[in-house]
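Participant: Below is a structure I'd like to ask you about.
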Amino acid sequence: MPVPGSDDRMAMPLLMRSLICPLLMIVSAILLAAVPAACDRGWNARERETVRQTLAQIQADAETAGAARPPEPPTLEAVEEEGTVRLDLVDAIRLALANNQDIQISGYEALRAEADLVAAQAVYDPAVVASNTFGRSKRPTASTLDTGVITDTHLTEDTWEFSGGLRQRLATGGTFTLTQQMDYLDTNSRLIIPNPQYSSGLTFEASQPLLKNFGDPEAQSAIRIATVSTGVSLHDFRQKTAEIVARVVAAYWQLVFDRQSVEVFRESADQAREILRRETARAERGISNNLNIARAESTLASREVQVVRGENRARDSADALKRLLSAPQIPVQGRAEILPTRTPRFFQVDVDRQEAMAQALARRPELARARGVIDASRIRVDVADRQRLPRLDALLRYTLNGLGNDLGGALDMQDFRDPVTWVAGLELEWPLGNRAARAELLRRRAEYEQTLLEADRLADQVMEEVSVAARAVERGRGEVESTLRAQTAAQTVLEGEQTRLELQPMDRRSNEDLLRALDQLTQARRDHLVALLNFNLALAELARARGTLLEDEGIEVIWPEADRTDPLVPVEARLPAEPAPPK
């Protein structure tokens, strides 16, 4: 199925006199020869076949024109002297991907999610712990046992304490610690032997939860949720990128429509100006009257107003496109005029709604995000369920002690012979009623059920969007065909009214029907542009609703390098580089 942005799709030129006008004249000649008053009669099978052949010819000519590409437009860095920028739809998308702030903000959110994952994993990084203190203590003696000498009035102690080791958190929920303790003591007490002295201790300590917190559910769940959140942030980025690309496509086609509408109004004003010129010339010869001149002047003034309004709408559309692109080459406050180089396309397309809905359910980033949220909620339920268990922890501590006149002697004494100290035991904590844990589990289960319902609601919404978009494509195809027939008929009516005006007797000559026919032709041409606009917008919306817009446009999501440094680069979306021209 043809999709928006593909290189091989057909483009239907609009308002190109070298293509449309000759075809319309051919159709008009056929209809005038077959049905003199075609505007007053319905369309028969032969006439419908003629219009169908006209559409086929337009498509064939558009394909031929696409094969013979015009010269390359100037780059955006080299804006033309008259302040205009020729911009293709692909270039507009490329500029938006590189400069749009909403896309960049979403890209940084993905980096934040990645940082959260690293932080969650960092709880298992080993830690080096150390402390080093010096001190002096001097206090009055409370008894002879303080110093061992009756005449001593104060107990003085100079100390040095050092502790260093390694602490490691285990995935089982336990903690392992290896610590080396070294102390120095110099005192005036005669009861301390040796004096001064060094003491040391090498301690192995391990603790392990046996029920609650076994397997470290909180830390493990934080890692799993952070992993899911990283994927969710990437889906959010794809969703935001698809949204911006769809808005760029819509803004581009809106600008094309507004500029082409201005051309329709200008051509209609030119025709009204020609009618006024003829009526003025006839009045000078006495074969027209002031009423006919006034009608022509009124019609011309109305067309000039439409031109002014259309130009203002085109400027507003250009500003809206500039804001989406956010390109420094064409800022919103700048005066550069954007000239779209692509014209709306039209082709026969059949939409398989069931297949489109299946694609949407599998590829829409919103649904992928919802599945990630469900996974994270399920993890929280599992953790809350584990937290209802009582806390039962096992503890083991084993210390090798040493003592000596110097530090080396104290350290040499540390071995698995005496003196050693060990401790082993269990710690139990069981809240009576356990209401807090039960309430937390209930809350997490309620959140999980909510996420399931929200995902179902989102799936229904996605299928509705696909159905509406598919119906819009089908309706747009019918509108393009109908408005083309109406435009052809209106052109025939205008030519017939011009002929009839020339053949009317001078006393009954009135240009009212001619001006009415000009109004009908102007409206028919604009309706045809509206139908083409709606058709192309519906194609882009269908691709977005199916979740294939980025793939259809060839957009790739690029994750920054792992060893990135300043400046910080967010996650990006890019179009593939254009292939080099053949030598």
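Participant: Got a sec? Which of L389, L400, L411 is surrounded by 15 or more Cβ atoms within 10 Å (Cβ to Cβ), part of a loop (DSSP other than H, G, I, E, B), assigned by TED's automatic domain parsing to the domain that holds D216 and in contact (Cβ under 8 Å) with a residue 60 or more places away in the chain?
Facilitator: Values: L400 fails: part of a loop (DSSP other than H, G, I, E, B); L411 fails: part of a loop (DSSP other than H, G, I, E, B).
The conditions single out L389.
Participant: Filtering the stretch 331-365 down to residues that are modelled with pLDDT of 90 or more and crowded, with 19+ Cβ neighbours inside 10 Å, which residue is nearest to A113 (Cα to Cα)?
Facilitator: Per the criteria, the residue is P365.
Participant: Right, another one. Residues in the stretch 192-213 that are crowded, with 17+ Cβ neighbours inside 10 Å and among the aromatic types (F, W, Y): how many?
Facilitator: 1
Participant: Now for a different question. Scan the stretch 291-340 residue by residue and report those that are of a type in the set (V, I, T) and outside the structural domain of Q260 (by TED's automatic domain parsing).
Facilitator: Pass one, the stretch 291-340, residues of a type in the set (V, I, T): 293, 299, 305, 307-308, 330, 332, 338.
Answer for the stretch 291-340, where residues must be of a type in the set (V, I, T) and outside the structural domain of Q260 (by TED's automatic domain parsing): I330, V332, I338.
Participant: Out of all the residues in the stretch 355-374, is one or more closer than 28 Å to M463 by Cα and β-branched (V, I, T)?
Facilitator: Residues of the stretch 355-374 closer than 28 Å to M463 by Cα: 355-374.
Okay, now just the ones that are also β-branched (V, I, T), so 373-374.
Looking through the stretch 355-374, at least one residue is closer than 28 Å to M463 by Cα and β-branched (V, I, T).
Participant: Look at R323 and say whether it is without any contact (Cβ under 8 Å) to a residue 40 or more places away in the chain, part of a helix (DSSP H, G or I), under 23 Å from V90 (Cα atoms) and not polar (S, T, N, Q).
Facilitator: On the way: without any contact (Cβ under 8 Å) to a residue 40 or more places away in the chain: yes; part of a helix (DSSP H, G or I): yes; under 23 Å from V90 (Cα atoms): yes; not polar (S, T, N, Q): yes.
Yes.
Participant: Condition check: assigned to a loop (DSSP other than H, G, I, E, B), among the aliphatic types (A, V, I, L, M) and surrounded by 20 or more Cβ atoms within 10 Å (Cβ to Cβ). Does A314 satisfy that? I'd like the intermediate steps shown before the answer.
Facilitator: Details: assigned to a loop (DSSP other than H, G, I, E, B): no; among the aliphatic types (A, V, I, L, M): yes; surrounded by 20 or more Cβ atoms within 10 Å (Cβ to Cβ): yes.
Against the criterion (assigned to a loop (DSSP other than H, G, I, E, B), among the aliphatic types (A, V, I, L, M) and surrounded by 20 or more Cβ atoms within 10 Å (Cβ to Cβ)), A314 does not qualify.
Participant: Something else about it: So V423 ticks every box in (1) touching a Lys or Arg at 6+ places or on another chain (Cβ under 9 Å); (2) assigned to a helix (DSSP H, G or I); (3) under 30 Å from Q208 (Cα atoms) but one. Which box is left unticked?
Facilitator: Exception for V423: condition (2).
Participant: Here is a list: S207, S233, S200, S221. Which entry is in contact with a helix residue (DSSP H, G or I) (Cβ under 6 Å, 6 or more places away or on another chain), touching a residue at least 60 places away in the same chain (Cβ under 8 Å) and closer than 30 Å to R391 by Cβ?
Facilitator: On the way: S207 fails: in contact with a helix residue (DSSP H, G or I) (Cβ under 6 Å, 6 or more places away or on another chain); S233 fails: closer than 30 Å to R391 by Cβ; S200 fails: closer than 30 Å to R391 by Cβ.
Just one listed residue meets the conditions, S221.
Participant: Additional query: Let me confirm something: among T499, T522, which residue is assigned by TED's automatic domain parsing to the domain that holds S261, buried (at least 23 other Cβ atoms within 10 Å of the Cβ) and part of a helix (DSSP H, G or I)? Show your work before the answer.
Facilitator: Numbers: T499 fails: buried (at least 23 other Cβ atoms within 10 Å of the Cβ).
Result of the check over T499, T522: T522.
Participant: Inspect the stretch 482-493 for any residue being part of a loop (DSSP other than H, G, I, E, B), of a type outside the set (F, W, Y) and surrounded by 22 or more Cβ atoms within 10 Å (Cβ to Cβ) and give the result as yes or no.
Facilitator: Narrowing the stretch 482-493 to residues part of a loop (DSSP other than H, G, I, E, B): none.
No, the conditions are met nowhere in the stretch 482-493.
Participant: Can you say whether L367 is out of contact with any Ser or Thr (no Cβ under 6 Å at 6 or more places or on another chain), in contact (Cβ under 8 Å) with a residue 12 or more places away in the chain and not assigned by TED's automatic domain parsing to the domain that holds D186, as far as the supplied structure shows?
Facilitator: For L367, the condition - out of contact with any Ser or Thr (no Cβ under 6 Å at 6 or more places or on another chain), in contact (Cβ under 8 Å) with a residue 12 or more places away in the chain and not assigned by TED's automatic domain parsing to the domain that holds D186 - is met.
Participant: Right, next: With among the small types (G, A, S) and under 16 Å from D552 (Cα atoms) as the only criterion, which of A269, A250 stands out? Outline the logic, then answer.
Facilitator: On the way: A269 fails: under 16 Å from D552 (Cα atoms).
A250 is the lone residue from the list that is among the small types (G, A, S) and under 16 Å from D552 (Cα atoms).
Participant: I've got another one for you. Residues of the stretch 275-300 being exposed (fewer than 13 other Cβ atoms within 10 Å of the Cβ) and free of Cβ contacts under 8 Å to residues at least 12 places away in the same chain, which ones?
Facilitator: Scanning the stretch 275-300 gives R277, A281, E284, R285, G286, N290, A294.
Participant: Moving on. Looking at A226, A242, can you tell me which residue is small (G, A, S) and within 18 Å of the chain's Cα centre (by Cα)?
Facilitator: Working: A226 fails: within 18 Å of the chain's Cα centre (by Cα).
Checking each option against the conditions leaves just A242.
Participant: Going through A294, A242 one at a time, which residue ends up being assigned to a helix (DSSP H, G or I), more than 30 Å from P365 (Cβ to Cβ) and aliphatic (A, V, I, L, M)? Even if it seems obvious, please write down each step before you answer.
Facilitator: Numbers: A242 fails: more than 30 Å from P365 (Cβ to Cβ).
Exactly one of A294, A242 is assigned to a helix (DSSP H, G or I), more than 30 Å from P365 (Cβ to Cβ) and aliphatic (A, V, I, L, M), namely A294.
The values are calculated or read from the model by the stated rules, or taken from the named source; none is laboratory data. Everything quoted here is computed from the prediction, not taken from an experiment. Counting neighbours? That spans all protein chains shown, and the Cβs are built from the backbone with ideal geometry, glycine included.
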